[in-house]
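Working notes for the structure below.
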Amino acid sequence: MIKAIYGTKDILPEDILKWTHLENLVRNVMGSFNYKEIRTPVFEETRLFARGIGEATDIVSKEMYTFNDRSDNSVTLKPEMTAAVVRSFIEHKMDKKQMLNKMFYISPMFRQERPQAGRLRQFHQFGAEALGSDSPQLDAEMIIMPYDIITSLGLKNIVVKINSLGVPESRENYKNVLKDYLAPHLNDLSEESRKRFETNILRIFDSKAENDQKIMEDAPLLIEHLDNASLEHFEGVKRTLLEAGIPFEIDPKLVRGLDYYTHTTFEIVSGSVGSQSALCGGGRYNLLVEQLGGKPAPGIGFAAGIERILLACENEESLKLPDDSLDLFVVDINRDNAELVSKLSLFFRRKGLTVEHDYAARSVKAQMREANRSNAKFTIMVGGDELERNEIVLKTMETGDQKSFNIDNLQSVFETMRG
Ligand code: AMP
């Protein structure tokens, strides 16, 4: 039997309502902040991600789906969206059309990680990128939008964490301070952290190794080594969040994996989904556009994992889904009026109702069972003596009320159903 690839999942019709509910919410919230949707290809040149995310990151060094196509070009399934959006921003000279470009996306992503609850190899993110402004209000907006979406889904067990990574100059100084602190402990660090000491020293804060964490407890913090301009920017972000009623914690150890962040970084974590607890993460990346060959432009973005958010919703039983039950089931009483039933159904379907009927000449009992199972609000009975009189019977399922209508007067049947 051929099965779905390890780490990928079908989203089945029985689950789709959760997805479309979330996607509609994303479109509404992002729309209200005037973000416009962008869709980029599923695959890109490998060097875009190598350059845009950074060779030393986990994503680039061990998680990408990279392969040579038939023309021997190295391509990669997108592991995240920021590099792709920035590529598009530069390629289409978006900065010439507008000073500030605000974009959002909903898209599958691909990373060859070890699958577990809330971690897949094809997963889905929604997110946003804003290119062209350094305003701290935008940093706050990038936290407010996912926060509003996540709380609108009823999730309560969440924490917003923020930090500032400042600008490269102060960060370079700080990296030296951290190096000095860690040098005497080097032999006690895990192999992974010893590697990071050379390649990406800030990421040692992310280490899960117990001994590493102990050593990092007393490490000097970047936030204590920020320059004044960075501190001021960070204060602006915090004030805007407070004003918006967003509770947050400052987490000076929140460095995140990617090389291109400057200033604000943030995460929204859930206490309801186990070890893979980050629902959303993001930050400011004022250097990325230039790094990818564009004219320097500040940028900021976030990405949120849809599977993880839906998992949290399930665990907190927080989702209130819209009603997708049938409006109408058309019953073929004599089981010989398939064409008439189909024609009647079409009339109401074209009026926008959700209508179903039987396609297999099943018994009336089976048809009624189906109507009940699908929670139909109304049934129309077609057949019997009524049909001989050119009538059909409309039944309101909740009350059991029945009413006959002339078959040529479907408009008044529709109006009765609409109430
Ligand atoms: P990142 O791009 O790594 O900052 O991830 C942003 C969000 O995407 C995370 O907070 C998760 O919710 C989600 N995410 C990242 N990797 C995965 C994965 N392998 N499976 C499912 N969700 C993921």
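The values are calculated or read from the model by the stated rules, or taken from the named source; none is laboratory data. From a predicted model like this one, the values you see are computed outputs, not experimental measurements. Don't worry about glycine lacking a Cβ; one is built from the backbone with ideal geometry, like all the others, and counts go over all protein chains shown. Areas reflect the complete protein model, heavy atoms only, side chains present, ligands, DNA and RNA absent. Shrake-Rupley method; radii C 1.70, N 1.55, O 1.52, S 1.80 Å.
Consider the range 65-89 and keep the residues that are away from the ligand (no atom under 13 Å from the Cβ) and of a type in the set (A, V, I, L, M). The one that is nearest to Gln291 (Cα to Cα) is Val86. Against the conditions (1) part of a helix (DSSP H, G or I); (2) open to solvent by 30 Å² or more (accessible area, probe 1.4 Å), Met99 satisfies every one except (1). Of everything in the range 16-36 that is β-branched (Val, Ile, Thr) and more than 24 Å from Leu131 (Cβ to Cβ), the residue that is nearest to the chain's Cα centre (by Cα) is Thr20. Give the residues of the range 108-127 that are of a type outside the set (Asp, Glu) and either in a loop (DSSP other than H, G, I, E, B) or touching a Lys or Arg at 6+ places or on another chain (Cβ under 7 Å) (or both), sorted by residue number. Answer for the range 108-127, where residues must be of a type outside the set (Asp, Glu) and either in a loop (DSSP other than H, G, I, E, B) or touching a Lys or Arg at 6+ places or on another chain (Cβ under 7 Å) (or both): Met109, Phe110, Arg111, Gln112, Arg114, Pro115, Ala117, Gly118, Leu120, Arg121. A count restricted to the range 381-412 and to residues that are part of a loop (DSSP other than H, G, I, E, B), within 21 Å of Glu370 (Cβ to Cβ) and charged (D, E, K, R) stands at 2. Taken over the range 242-287, the criterion of being within 10 Å of the ligand (Cβ to nearest atom), aliphatic (A, V, I, L, M) and without any contact (Cβ under 8 Å) to a residue 60 or more places away in the chain is satisfied by Ala278 alone. When we screen Ala366, Ala361 for residues that are assigned by TED's automatic domain parsing to the domain that holds Gln402, at pLDDT below 95 and of a type in the set (A, V, I, L, M), the only hit is Ala361.
Residue-wise test of (1) touching a His at 6+ places or on another chain (Cβ under 8 Å); (2) in contact (Cβ under 8 Å) with a residue 40 or more places away in the chain.
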position: Ser164; (1), (2): yes, yes
position: Tyr181; (1), (2): no, no
position: Pro184; (1), (2): no, no
position: Glu217; (1), (2): no, no
position: Thr240; (1), (2): no, yes
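Determine whether the range 13-30 contains at least one residue that is part of a loop (DSSP other than H, G, I, E, B) and either over 30 Å from Asp95 (Cβ atoms) or not assigned by TED's automatic domain parsing to the domain that holds Gly293 (or both). Looking for residues that are part of a loop (DSSP other than H, G, I, E, B) and either over 30 Å from Asp95 (Cβ atoms) or not assigned by TED's automatic domain parsing to the domain that holds Gly293 (or both), one finds none in the range 13-30, hence no.
Inclusion of Arg70 among residues that are in the same structural domain as Ile106 (by TED's automatic domain parsing) and closer than 28 Å to Leu100 by Cα is not warranted.
Test of understanding: among Gln112, Gln125, which residue is more than 19 Å from Gly281 (Cβ to Cβ) and under 19 Å from the mean Cα position of the chain (by Cα)?
Exactly one of Gln112, Gln125 is more than 19 Å from Gly281 (Cβ to Cβ) and under 19 Å from the mean Cα position of the chain (by Cα), namely Gln112.
Filtered by the rule that a residue be outside any helix (DSSP H, G or I), modelled with pLDDT under 95 and of a type in the set (D, E, K, R), the range 31-59 gives a lone residue, Glu55.
With respect to the conditions (1) under 30 Å from Gly154 (Cβ atoms); (2) not aliphatic (A, V, I, L, M); (3) not in a loop (DSSP other than H, G, I, E, B), Arg369 lacks only one, and its number is (1). In the range 90-119, of all residues being modelled with pLDDT under 95 and among the small types (Gly, Ala, Ser), the one that is nearest to the ligand (Cβ to nearest atom) corresponds to Gly118.
Find the residue count for the range 306-334, including only residues that are out of contact with any helix residue (DSSP H, G or I) (no Cβ under 9 Å at 6 or more places or on another chain) and within 11 Å of the ligand (Cβ to nearest atom). So the count comes out to 3. If you go through the range 234-267 and keep only what is open to solvent by 20 Å² or more (accessible area, probe 1.4 Å) and in a helix (DSSP H, G or I), you end up with Glu235, Lys238, Arg239, Thr240, Leu242, Glu243. Scanning the range 289-304 for residues that are of a type in the set (A, V, I, L, M) and within 20 Å of Met109 (Cα to Cα), we see that the one that is nearest to the ligand (Cβ to nearest atom) is Ala303.
Scanning the range 154-176 for residues that are at pLDDT 95 or above and assigned to a helix (DSSP H, G or I) returns no hits.
Taken over the range 142-159, the criterion of being open to solvent by less than 30 Å² (accessible area, probe 1.4 Å), of a type outside the set (A, V, I, L, M, F, W, C) and away from the ligand (no atom under 13 Å from the Cβ) is satisfied by Gly154 alone. Could you say whether any residue in the range 323-335 is outside any strand (DSSP E or B), open to solvent by 50 Å² or more (accessible area, probe 1.4 Å) and under 26 Å from Pro108 (Cα atoms)? Checking the range 323-335: at least one residue is outside any strand (DSSP E or B), open to solvent by 50 Å² or more (accessible area, probe 1.4 Å) and under 26 Å from Pro108 (Cα atoms).
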